[in-house]
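The values are calculated or read from the model by the stated rules, or taken from the named source; none is laboratory data. Bear in mind the structure is a predicted one, so any value in this text is a computation, not a measurement. Reconstructed Cβ throughout: ideal geometry from the backbone, glycine too, with neighbour counts over all protein chains shown. Calculation scope for accessible area: heavy atoms of the full protein, side chains included, ligands and nucleic acids excluded. Shrake-Rupley method; radii C 1.70, N 1.55, O 1.52, S 1.80 Å.
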2 protein chains.
Amino acid sequence: MSDEQELGITESKQYNTGEWYAEVVQKAGLANYGPEGMSGFIVTRPRAYALWERVQGFLDGLFKDTGVQNAYFPLFIPESYLEREKEIVEGFDPEVAWVTQAGQEELEERLAVRPTSESIIAPYMSQWVRSHRDLPLRVNQWASVVRWEATETKPFFRTKEFLWQEGHTAHATHEDAWDETMLRLDQYESVYEDLLAIPVLRGAKPDHDKFPGAHTTTTVEALMPDGKSVQAGTSHHLGTGFAEAFDLTYTDEDENTQVAHTTSWGLSWRSLGALIMTHSDDQGLVLPPTVAPEQVVIVPIWQADTQEKVLDYAEEIAEELEDAGVRVELDDRDERNPGFKFNEWELKGVPVRFEIGPNEVDDEVVTAVHRPDGESVELDRENIAEAVFDQFDEVYAKLYAAAEENLESNIREASSRNEILGTIGQHGGYVKAPWCSKESCEEEIKEQIAAEIVMVPLDDEESEIHHGEECAVCGEAAEETAYFAKSY
Amino acid sequence: MSDEQELGITESKQYNTGEWYAEVVQKAGLANYGPEGMSGFIVTRPRAYALWERVQGFLDGLFKDTGVQNAYFPLFIPESYLEREKEIVEGFDPEVAWVTQAGQEELEERLAVRPTSESIIAPYMSQWVRSHRDLPLRVNQWASVVRWEATETKPFFRTKEFLWQEGHTAHATHEDAWDETMLRLDQYESVYEDLLAIPVLRGAKPDHDKFPGAHTTTTVEALMPDGKSVQAGTSHHLGTGFAEAFDLTYTDEDENTQVAHTTSWGLSWRSLGALIMTHSDDQGLVLPPTVAPEQVVIVPIWQADTQEKVLDYAEEIAEELEDAGVRVELDDRDERNPGFKFNEWELKGVPVRFEIGPNEVDDEVVTAVHRPDGESVELDRENIAEAVFDQFDEVYAKLYAAAEENLESNIREASSRNEILGTIGQHGGYVKAPWCSKESCEEEIKEQIAAEIVMVPLDDEESEIHHGEECAVCGEAAEETAYFAKSY
C-alpha cells in the first residue's frame, strides 16, 4: 500500500453496502478477484487466510474434543458415484465442474470436482463400518469445493470455489444422528458467538429447501447490516437415504443387519464474509481481538529529541506483550507520520492501538484506543500485559452488543401477506409469521420481494404457533413460525 | 478390525518390500485405494491424516517463525496462464487434468487442475510487489495438487492427487533468493531428522533434472530399506525466469525497475510414505513418539479377583499421563485378551506399551515395552509422567540410529561404469562417483539398471572432486560428485 489516497474507503457502509464491502475486502488486503477466464474465483491473501486459520483452529479444537477425526478424500468424484444418490445429483448437477481430459487422454468417465463429498465418503464409511462397535463414526475434512454458480461474485459470500470443512458421521439410531446434528449446530453457534462476536439465530430450513436427500437441514443464520440474512453454517440429519444408496449398514448386538443413520455438516469461509461485513465501518476493517492477526499496534510519537526514549519505552512494552502471548506490532517506520499509521492500522482492523509519546513515557502510562469507537483509555505501564486482556474483552463485548442490537431490533412480526411484504420492504431484517408449511406461500413472497423463509425454529426451541392461528399468506391452518428475510 | 487373522502382516519387509508396504498401509488403517475409475487416487484415513497434521504443525511453525504467511490460490489455472512460462507448460502438460465443462456449459478456455501453482501465484505476487520495501514476499499454501502420472499407485509415494505445501517467495537479489532456498531446505531436513527420525542427504538435482524453468533445484533425499532413494522435499531457486514471464518487478532505492528473484519449495505427504517405510516391520507400523497418534497404550492384565485393583491403578496412570500432555490410550476392552491387544497396538505403531498386572500394582511399578525392539523397562509409579518422556527419547534415538546405520552403510564409492552398475545392482543404496556433468553419462547407467543421479552435493557443503579426476562413465574431466541410486 504505497499511496495515501489508497487508504481511504470511499463507499458508505450504510448507503452502498455491496460496494463498500468490496472496497474493504480489497483495500484491507483480504482478497483479489481471480484471473481472466475465471470470474467467480478469488485469491485469499494472507490477512484473510490468517482469519480462516483462527476459525479453523477454534472449530477443529471443538471437533477433536467431541470425537471427530480428520481425513482426506479425493478431489474428484466419478459421475457414476454422484448418480447413486438421486437427489444429490439433481441438486448439484447444474453446478458441477467436470474433468474430461487428463494426461493427454479423454477420460472414459467424467469426474466431478467435488461440490460436496457425501457421494465419495459414504462408500468408504460403508467399508469401515461392520458392527455396532464401529459406531458412531465421525470424519471431517478441511478442503475446498467447487460449485459453478452464475451469480455475481462476492468474496467469501459467493465464489465458485470456497474453503470449508465438511463433517460426515454414521450412527446406530435416528436419535443418535439427531444429537450429532444438534451438537455440530451448537458448535457453529459457538464459532459465531464466542469467536466472531456475531449473535445468530438457529432453526431448520423449510422442507423444500433442505440439502438434497436430507431428513432435516438445520442452520445458524446471521443478520447482516444491510438487513439480509446469511446462512452461516448448516448441519444435516441425512436420515437413512445416503446409507441405503451406499450400503452403509452394520450388524447390531443381535447380529442383525441394520442401515446406519448419517449426518453431514459444514461451515465455510462465508464466516469470514459475515465477520468482515458485520463489524467493519467506513474507515475499513474492524476485527474482534479473538481473531485479529495483530491485536495491538503500538504507534510511537516522537520528535528528534524524544525519539530514543519513546522508542525504548515502546520496545519494552512490545516485548512484554509478546511474552504474554499478545499479537503485537510495533510500527516504528521512520518514513510515515503517526496520522498515516493510525489510518493504515484502522483500515487493517487492529482492535487496540497504543499511542506512546514523551508524556506517556514520563507518566509511565500508555494511551489505548479502541478501534470500533475510538474510545481512549489510559493504562498504567505496570501490569500492562494483564490490562490489555481486559481491553480485548471490552472491545469484544462492544462488537457483540452492537451486532446483537442490530439483530434484536430487526426481528419483527407480521400476520398478513401485505404486512410481510411491507415490513421487509421497509426495514429488511427478519419477519416472523405463522405459516402453513406449503412452498407456494413462500413463493408468493419470493416473487414479490425476493425474500424467502430462511428458517423455522426447531420444535423444541420455540413453539409460538397457538392453536387456531392462520398462515399469514394463505389463511389456512398454520403449522410453523416462518422467519422471512432476504438472504445472501 | 474384527477378525484376528486380519492383524497379521503376511508379507516380508526384507523380501517383498513393495507388497509389505501396501499391506502395512492397509492393515494399519492408513489409506484405501480410490474408487473404480479413479486408479491412482487414495483415501487418507484418520490415522494417516493425523500423521500429516503433525508434519503440518511442525513445518508450519518453522515457516511462521521465519516470515512465511499462508494464503490460498484458486484450484484451477487457465491454460493461457500455464503457457506463459514455457518450461512449466512443457514440464507439466502431459500430466495435467483439465476441466472443460462446468455448470452445463463447455468452457471457452480449458482450466488446469493445479499441478503446482507458480503460474497463478506469480501474477498476483506481481500485483502485490511494487517497491523494494515489499520484499521479501513469502507466501505458502497447504493444498492438494493433481499430476496424472500413469505409473503404478503406491500410497503416499505415487498418487495422482497428493497433499503438500508449496511456498513461493520473491526477493530483491539472487543471493537473497539463494539464502531462502537454503533456509527451506534446512527446514525440510529438520522435519526428517527432528520429527520423523530419518536422516537425509542434501544436495542439488543435476541440471537436466531441475524443476522446469528453475535456476537450481535442491533436494533432501532419504534412503529407504529397499535401497531406493526418495526425493523427500525440494527447494527451488527459480532465478528471474518466472518473474520475467509474469512481470514480477520492483522499484529499487534509486527508483529503477528491477526484476525480482523467486523461489518455490514443497514438501508432500511422501514424507508419510518415507516414515512408514523406514521404521515399520513385519509386525506392522512403527512410529516415533513425536508423531504417533497414541504415544502410550496401557494394557491392563487381570483375573476376575484382580480386575478392580488393576483397572483403578491403570486409570490413575492414564489420567496422570494425559494431564502431562501425553497421548495415551487405556485399552480396557473386556472382550479382547492381552495378547490380541498387544498385536493390534503393535500393528498400529504405538511406540510405548505399558503392561500393568497385579504384580505391577503391588510393586508400584509399570512395565514399559518399546515397540521397535520389544525392550522392556520397569518404571517407578512415582514420577511416571517424567519417566515416560525419557522413554520417548530413547525410542526416538533407537529409530534414528537404525535409519542412520542403514544410510551410512549404503553410501559406496565407484570409479568406473561397471563398478557403479555392479555396486547398485548388488547392494542398492547410493554410489558416489566423479561425473562430467553430462546427461548422457547418467543415461548410460539409467538404461542398464534404472538408477539415476539423485543429487550432487552443494558446492559449499562437499567438494570431493580433486583436480584431475575423471568421470566414472566417460573418462572425461569430472566436475561434480554424483550420487547414483534407484529412486521412487
Cα→Cβ-extended label distance, 7 Å offset, between B:Ser39 and A:Ala397, nm: 6.5
Counting only residues 5 or more apart in sequence or on a different chain, those whose built amide H sits under 5 Å from that of B:Gly349 are B:Leu285
Other-copy label distances relative to B:Asp254, 7 angstrom Cα-Cβ extension, nm: 9.0
I need the Kirkwood Rh of segment B:1-128: take the reciprocal of the average 1/r across all distinct C-alpha pairs and report it in angstrom. 18.8
Inter-label distance for B:Glu419 and A:Glu253, nm, one decimal - labels placed 7 Å from Cα along Cα-to-Cβ: 7.3
Per-residue mean of C-beta atoms belonging to partner chains within 10 Å, peptide B:98-110: 6
Average silhouette area of the protein assembly as shown, convex hull of alpha-carbon atoms, in square nanometres: 45.2
Please get the size of the charge dipole for segment A:4-279, origin at its Cα centre, with Cβ charges of +1 on Lys and Arg and -1 on Asp and Glu, quoted in debye to the nearest 20. 880
Segment A:384-411 to segment A:312-360: how many Å between their Cα centroids? 22
P(r) of segment A:317-450 over all Cα-Cα pairs, binned every 10 Å from zero, in whole percent: 10, 29, 20, 12, 14, 13, 3, 0
Using only the alpha carbon atoms of chain A, find the Kirkwood hydrodynamic radius as the inverse mean reciprocal pair distance, in angstroms to one decimal. 24.9
B:Glu106/B:Thr151 FRET efficiency (R0 41 Å; Cβ-Cβ; nearest 0.05): 0.85
Under the rule a/c < 1.5 gives rounded, and otherwise a/b versus b/c splits prolate from oblate, where does segment A:307-393 land using the Cα gyration tensor? rounded
Within segment A:6-23, the residues whose backbone N lies under 18 Å from a label point placed 7 Å from the Cα of B:Arg133 along the Cα-to-Cβ direction are A:6-8
Solvent-accessible surface (1.4 angstrom probe) belonging to B:Asp305, in square angstrom, nearest 10: 130
Accessible area of A:Val139 in the full protein assembly, 1.4 Å probe (Å², nearest 10): 0
Taking a label point 7 Å out from Cα toward Cβ, give me the nm distances from A:Glu479 to the same spot in the other copies, shortest first, one decimal. 8.0
Chain A: calculated mean residue ellipticity at 222 nm from DSSP helix runs of at least 4, using -39500 (n - 2.57): -10500 deg cm²/dmol
How many angstrom separate the Cα center of segment B:200-256 from the Cα center of segment A:272-295? 38
Provide a whole-number value for the mean count of partner chain Cβ atoms within 10 Å of the Cβ atoms in peptide A:28-41. 4
Here FRET efficiency (C-beta to C-beta, B:Gln426 to A:Ala477, R₀ 60 Å, nearest 0.05) is 0.10
Chymotrypsin sites (Phe, Trp or Tyr not before Pro) within segment B:9-84, DSSP loop, no more than 12 other Cβ atoms inside 10 Å: B:Tyr15
Rounded to whole Hz and in sequence order, give me ³J(HN,Hα) for segment B:165-172 from the Karplus expression 6.51 cos²θ - 1.76 cosθ + 1.60, θ = phi - 60°, writing x for Gly and Pro. 10, 10, x, 9, 9, 10, 9, 6
Using alpha-carbon pairs under 8 Å, 6+ residues apart, how would you state the relative contact order of chain B in percent? 13
Using amide H atoms built 1.01 Å from N in the peptide plane, name the residues 5+ places from B:Glu452, or on other chains, whose amide H lies under 5 Å from its own. B:Ala485, B:Lys486, B:Ser487
Inside 10 Å of the C-beta atoms of B:64-72, what's the mean count of C-beta atoms belonging to other chains? 4
B:Glu322 versus A:Phe340, label points 7 Å from Cα toward the beta carbon: distance in nm? 5.6
Tell me which GluC sites (Glu not before Pro) from segment A:374-413 have a DSSP coil assignment and no more than 12 other beta carbons within 10 Å of their own. A:Glu382
Sort shortest first the distances from A:Gln104 to its counterpart in every other copy, using label points 7 Å along the Cα-to-beta-carbon line, and give them in nm. 3.6
